[in-house]
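The values are calculated or read from the model by the stated rules, or taken from the named source; none is laboratory data. Quick caveat, the model's predicted, so the values are computed rather than measured. With ideal geometry, Cβ positions are generated from the backbone for all residues, glycine too; neighbour counts draw on all protein chains shown.
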Amino acid sequence: MRRWSELAERVAATTRTSEKTGLLAAYLRELESDELPIAAVFLTGRPFAEADGRATGLGWATIAATVADVAGVGRSALGEAYDRSSDLGRAVHDVLEAAGHAPDPDVSPTLPEVAEAISRVEVASGPAAKAAILAELLGRCDPLTAKHIVKVLSGDLRIGLREGLVEAAIARAFQRDLDAVKWAGMLIGDVGRLAGLARDDRLADATLRLFHPIKFMLASPAEDAAEILNRLGPTVWVEDKYDGIRAQLHKSGGDVRLYSRDLHDVSRQFPEIVDAARELAWNGMLDGEILGFRDGTVLPFIALQARLGRKDPSLRIRSEVPVVFVAFDALGLGPGDSAVVEPLLRLPLTERRKRLEEVGLPAPSAGGAFALSHLTRADSLDELETRFAEARARRNEGLMVKDPASLYSPGRRGMGWLKMKKALATIDCVVVGVEVGHGKRHGVLSDYTFAVRDEANDRLVTIGKAYSGLTDAEIAEMTRWFDAHTVSRHGRYRVVEPSVVVEIAFDAILRSTRHKSGFALRFPRIIGLRPDKPASEAETLDAVRRLHGELQQGAEQLVTAGARES
Ligand code: AMP
């Protein structure tokens, strides 16, 4: 692990992509077969592979308290170090170094030993048991190694590595075709296994497998209808952009499972969809959105939220918020009496949609729990604008515009799908700080400071602060969560682990020096939690910049129109 940490430092020290890839390739090539998968997964800044459903369950507060114990310092020391760098790994390094933590290098853990300890943390129950394993592990590490173990555990590597770069390094290390590596990586969602397959020249073994969820295809934001037609035209496919929960449905006979966009099994939250799918005469994998749906109409996201995170929902909640699976893509299909599923990802959307329609999904009125996304075609600006207005009238967020010739590219925010949102849409932000509220909200952490992602600098930058618009029950639950994930305290204000995503509505975006983003939101309101979204999918600073420009333009047009009328 010490060598891995040194490599990570070298990778962080250069901004040149080719140099990063070269360093990584040389390193990966030298590893033993039991080290290679672990090293590759850690390089993507996660303790477990993406397709691996496990999570350590270690909050930042537990990590911070454990490090303070290992260093023999008070808990505030780490908080202060974190405030200097906003980087938990670096803070850990600084605190351990200042404390003179220097264990015998002979006991420094190997990569397999670190992976084994992390697996034990995952199965240990309760923060105390998890912390004990972590303390034993970090106790054996010099400050640099501890820094990187904590970076991997907190999912916050910040050495300027994207998964694509690790794939490029794998291709280069074992002299394989980059496209073949990427394709296999998309299918298996496990960069560790991918590295092993590349080394053994077995990339062809990577196939679509039922009950092994693949990453979801994502959409890029589009400025306006003209840009959409320029990119995808002349004829585009237009679907409503539904505001529900993205899900992948896998089915083999009576065995049915649903996976969320972070690839976790959420089947037990939506038993009516699972039960309805069991009866169907095909096997395969579909992509779609789960929506609250009652009496023929879609319920708002906020209604669906009551069901999120609840396994085995009661009959009452099931009848209050019934759900449907709105399918918009078929990833693989096969006959119901065979386990063989034909991968469809590399067929154009036109063909995939045809196959999806042939499946014959039963609607709620026919005793099913399915619908097909509403699909139309547009080939002019006017038509696209009309569709957009219609979708808005239906109270949907906007449109998903798709290139009918596009292939399904898992995990990529490609140009095959573009999302067209209304100008004054909401933005998804990450909560970075919380405070105790006032009045009836005193005693609970109800004031949130939130941030967007500054991708260029690999950091979060604050954009606003709002009193929680959440329900009392949600605030109480979030207070407990933030308590367990506080990194440092400053009077009333607490810096918290940046992983809760909230949807924020606002009246305007203003330039401001008050927040690190350089922008502030006028009258921000927290619409709700987005537990379905990881922090890595929060809005970017670039998107905020663009939105600010658009809104300003809109405001100028309003003024000129007004002037002409008077
Ligand atoms: P956003 O959450 O704004 O980044 O938009 C992307 C998300 O929109 C996807 O991950 C889906 O969950 C959702 N979505 C809604 N309607 C559709 C649709 N018709 N096709 C694809 N994705 C959709």
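A few comments on the model shown:
- Only one entry of Ala61, Ala91 meets the criterion of being buried (at least 19 other Cβ atoms within 10 Å of the Cβ), at pLDDT below 90 and not in a loop (DSSP other than H, G, I, E, B), and that entry is Ala61.
- Residue selected from the stretch 224-244 under the condition charged (D, E, K, R) and within 14 Å of the ligand (Cβ to nearest atom), by the criterion nearest to the chain's Cα centre (by Cα): Asp243
- Check on Gly398, of a type outside the set (A, V, I, L, M, F, W, C), modelled with pLDDT under 95 and within 13 Å of the ligand (Cβ to nearest atom): yes
- Thr350, sole failed condition from (1) touching a helix residue (DSSP H, G or I) at 6+ places or on another chain (Cβ under 9 Å); (2) loosely packed, with under 15 Cβ neighbours inside 10 Å; (3) within 24 Å of Lys215 (Cβ to Cβ): (1)
- The listed residue being modelled with pLDDT under 95, among the β-branched types (Val, Ile, Thr) and touching a helix residue (DSSP H, G or I) at 6+ places or on another chain (Cβ under 6 Å), out of Ile133, Ile159: Ile159
Residues checked against (1) touching a residue at least 24 places away in the same chain (Cβ under 8 Å); (2) under 21 Å from Leu157 (Cα atoms); (3) buried (at least 17 other Cβ atoms within 10 Å of the Cβ); (4) of a type in the set (A, V, I, L, M, F, W, C):
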position	(1), (2), (3), (4)
Ser446	yes, no, yes, no
Val452	yes, yes, yes, yes
Thr462	yes, yes, yes, no
Glu477	no, no, no, no
Thr486	yes, yes, yes, no
Glu497	yes, yes, yes, no
Ser512	no, no, no, no
Phe523	no, no, no, yes
Pro531	yes, no, no, no
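- Here Arg392 clears all of (1) touching a Gly at 6+ places or on another chain (Cβ under 9 Å); (2) modelled with pLDDT of 85 or more; (3) over 30 Å from Lys182 (Cα atoms) except the condition numbered (2).
- Of the residues examined, Asp337 is one that is without any contact (Cβ under 8 Å) to a residue 40 or more places away in the chain and in a loop (DSSP other than H, G, I, E, B).
- Filtering the stretch 276-283 for residues that are of a type outside the set (Asp, Glu), within 28 Å of the chain's Cα centre (by Cα), assigned to a helix (DSSP H, G or I) and more than 21 Å from Gln248 (Cβ to Cβ) leaves an empty set.
- Hits in the stretch 517-566 - residues which are at pLDDT below 65 and either closer than 30 Å to Ala476 by Cα or not small (Gly, Ala, Ser) (or both): Gln553, Glu556, Gln557, Leu558, Val559, Thr560, Arg564, Glu565
- Total residues in the stretch 207-223 satisfying the condition of being in contact with a strand residue (DSSP E or B) (Cβ under 8 Å, 6 or more places away or on another chain) and away from the ligand (no atom under 16 Å from the Cβ): the figure is 4.
- Filter result for Arg412 (free of Cβ contacts under 8 Å to residues at least 40 places away in the same chain and in contact with a Lys or Arg (Cβ under 9 Å, 6 or more places away or on another chain)): no
- Selection within the stretch 300-324 - aliphatic (A, V, I, L, M), surrounded by fewer than 20 Cβ atoms within 10 Å (Cβ to Cβ) and modelled with pLDDT under 90: Ile302, Ala303, Ala306, Leu308
- Residues located in the stretch 345-390, provided they are among the hydroxyl-bearing types (Ser, Thr, Tyr) and either in a loop (DSSP other than H, G, I, E, B) or under 26 Å from the mean Cα position of the chain (by Cα) (or both): Ser373, Ser380
- Restricting the stretch 413-445 to residues that are of a type in the set (Gly, Ala, Ser) and at pLDDT 90 or above, the residue that is farthest from the ligand (Cβ to nearest atom): Gly433
- The selection criterion, being over 25 Å from Lys182 (Cβ atoms), among the small types (Gly, Ala, Ser), modelled with pLDDT under 95 and surrounded by 16 or more Cβ atoms within 10 Å (Cβ to Cβ), does not hold for Ala366.
- Counted residues, the stretch 169-186 - those being in a helix (DSSP H, G or I) and either of a type in the set (S, T, N, Q) or touching a Leu at 6+ places or on another chain (Cβ under 6 Å) (or both): 6
- Failed condition for His264, given (1) farther than 19 Å from Ser365 by Cβ; (2) within 16 Å of the ligand (Cβ to nearest atom); (3) of a type outside the set (A, V, I, L, M); (4) more than 18 Å from the chain's Cα centre (by Cα): (4)
Conditions (1) within 11 Å of the ligand (Cβ to nearest atom); (2) outside any strand (DSSP E or B), marked per residue:
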| position | (1), (2) |
| --- | --- |
| Arg246 | yes, no |
| Arg257 | no, no |
| Arg268 | no, yes |
| Glu272 | no, yes |
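- Within the stretch 192-244, tally of residues that are part of a loop (DSSP other than H, G, I, E, B) and of a type in the set (S, T, N, Q): 2
- Residue identified as touching a Gly at 6+ places or on another chain (Cβ under 9 Å), surrounded by fewer than 19 Cβ atoms within 10 Å (Cβ to Cβ) and hydrophobic (A, V, I, L, M, F, W, C) among Leu218, Leu157, Leu161: Leu218
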